Each structure stands twice: as structure tokens, then as C-alpha cells.
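Just so you know, all these numbers are worked out from the coordinates, no wet-lab data involved. Every value quoted in this text rests on a predicted model; they were computed, and no experiment measured them. As a convention, Cβ positions derive from the backbone with ideal geometry for all residues, glycine included, and neighbour counts pool all protein chains shown.
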Amino acid sequence: MQQYIYGKNIVYDKLKKKDSDIIEIFVLKNRHKDIIDLARSLKIKVSEIDKNKMDRDFKGNHQGAVALVADYKYYQLADLISDKEYPLILVLDQLEDPHNFGAIIRSAAAVGVDGIVILDRRSVSVTPTVSKIAAGAIDSVKIAKVNNLKRALDTLKEAGYWVVGSDLKDSVPYTDIDYKMKTVLVMGSEGKGMSRLVRESCDFIGKIPIVNNVESLNVSVATGVFLYEILRQRSI
């Protein structure tokens, strides 16, 4: 399968990485010479088209540059397991919103997460929207699909990881958890949070304090808060 990625910076950054999965580049006529030159130097087909055709064929904010790429190739769970002293894997339990997923991928890449695990059903996958929101970070983080999160967590525990979940109930402040260990961070879905079996697999449950009458933080924001606390502790 194939998909399109949109945006001049995203297309150019992908070209700079010399990804072999780029099939064709589409740009507005008389625009983005840097993209055209780089694509042609890599022997990638370039189609220059007028604005009417670009707007008709590619809905949304394409910024005059679109790349046709092969469908994202997911990793295996085993590919994410690291022998570093303090590795970090992020598990997303039935996340559904592509904008949240893209933002989470960007944060994960920024802090050096070793990989992200998602479900192969009832869950968002890597789409053009996700790639655009991730702003190029999609190529910096390994993403694995599994058909059972409970079994995946059991496998990671057998590899020496400790599992930290996020929930407001029966939990401790997220800053009270010591992340200087092989860590799996689990974030739940936008509406329901973690599923019961996944929550029962957690060794620690952390919460982000909320002062005002707000039910919870957006999951991408909450994930960023957890990730940067983990990075802070490990940088001390």
C-alpha cells in the first residue's frame, strides 16, 4: 500500500534522509526548487503541477509539496527491546486520535524513546495526518503493532522492564516514581484510559496533579509531561 505525506518541510526532511520508500514527489510549478533538485539527485520522479490540480488532488494544507511513499513498515516488539542501562518504551492503549498520536511521536523522538507499541485494531495507526503532525519524527522512532497488549507487557517484563501506567485513581504523583530502571510507560485512550487488564499489568501507577476542575489532561500533553519527567530524572 501507499500513502501521501504533505508539507514542504516534511517532504524535504524525508528526502534528506534518502528514504528509499519515496516513490514520487509532487510540487507546484515554479516552487520549491530545493525539493526538486534533491529529489532528482536521488533519481526520484518529480511531477510539477499547477495550483488548481494540486488543490484538487491533495486536500488540506499541502504547502505545495507532497510525497507519495510506501506504507509505513512496522517493527516487531523484539526490535524495541534495548540493552541500554535505562531503556524506555511507550505503550499506547487504544489511542484513537491521529493528531494525538502525531504529537506523541514527536515528543517520544525528542526524549529518545526506544519505541512505541500500539494495537493492530481499535487503535490509530500511522497515517498521512499522523506523519504531518509528527513533523518528520516518524522516521526517528520505532513503532510496533501487537495484537494483545497484555501479552506484550508480559514479554517486556520478562526482559526486565518495569511497567508504569497513568491514571488518577489509586496512584501516586508521577514525580514520586523512580524512572532509573528499564521502563515501559503506558498511556490510555482519550476517553477510557487504560483497559483493566493493562492496568493490572502495571507495577506503578502515576498521576499528574490537576488543580482546577478539569477531568484530565489531553493524552498527548500528559504523555509529554511523563516523558520529560523521565528524562529529567535520568539526566540528574
Keeping to region 158-172, report how many residues are under 18 Å from residue 77 (Cβ atoms) and without any contact (Cβ under 8 Å) to a residue 40 or more places away in the chain.
-> 2
Which helices (runs of 4 or more DSSP H) sit wholly inside region 51-165 and have at least 1 residues that are over 18 Å from residue 11 (Cα atoms) and in contact with a strand residue (DSSP E or B) (Cβ under 8 Å, 6 or more places away or on another chain)?
-> 77-80, 98-111, 149-158
Sort through 120, 93, 83, 50 and tell me the only one that's more than 24 Å from residue 16 (Cα to Cα) and in contact with a Gly (Cβ under 9 Å, 6 or more places away or on another chain).
-> 93
Matching residues in region 17-38 - criterion: being touching a residue at least 60 places away in the same chain (Cβ under 8 Å) and either surrounded by fewer than 15 Cβ atoms within 10 Å (Cβ to Cβ) or among the basic types (Lys, Arg) (or both) | 17
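Condition check ((1) more than 24 Å from residue 121 (Cα to Cα); (2) assigned to a helix (DSSP H, G or I)) across all residues:
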| residue | (1), (2) |
| --- | --- |
| 202 | no, no |
| 209 | yes, no |
| 216 | yes, no |
| 233 | yes, yes |
